[in-house]
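Undergrad: Mind having a look at this structure? Questions to follow.
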Amino acid sequence: MKKILIVDDEKTTAAGVKDFLEATGLYQVQIEQDGRRAVESARSFGPDLILLDVIMPFLDGTEVAGRLAKDPVCKTIPIIFLTSLLTPKEAADQKGRIGGRAFIAKPVTADELVRRVAEQLEKSRK
């Protein structure tokens, strides 16, 4: 079973994403709502993938990603950004990548979320 860490300050969004992923029976999911604790949570949980909100108080997603990249334990964990800055159509136009980083536009459907997570996990195995 693959482990997914969700770092998102929006309780409802994080819970919905967790439910979508756990419903597949393929993933163990943990939520961290404070970006300041993301590295610590990643180190203790040992996720195979991190779903990271872009806009959060205290530390935004890009700052969290930078901290993860500098941590010797976390630096190889793949990240998919979650953002409400783009619409799903704009995300599709960008083919799910901005600046080389994978992202998913909110709100996300269960089908798209599960597909994108599986794709990223498969890609990171290669």
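The values are calculated or read from the model by the stated rules, or taken from the named source; none is laboratory data. This is a predicted model, so every value here is computed, not measured. Here the Cβ is made from the backbone with ideal geometry for all residues, glycine too, and neighbour counts use every protein chain on show. These area figures cover heavy atoms from the full protein model, side chains too; ligands, DNA and RNA do not enter into them. Shrake-Rupley method; radii C 1.70, N 1.55, O 1.52, S 1.80 Å.
Undergrad: Any residue in the range 25-35 that is crowded, with 16+ Cβ neighbours inside 10 Å and of a type in the set (F, W, Y)?
TA: Within the range 25-35 (the criterion being crowded, with 16+ Cβ neighbours inside 10 Å and of a type in the set (F, W, Y)), the answer is yes, since at least one residue qualifies.
Undergrad: Please find, within the range 43-63, the residue that is least open to solvent (accessible area, probe 1.4 Å) out of those that are at pLDDT below 95 and part of a helix (DSSP H, G or I).
TA: It comes out as G61.
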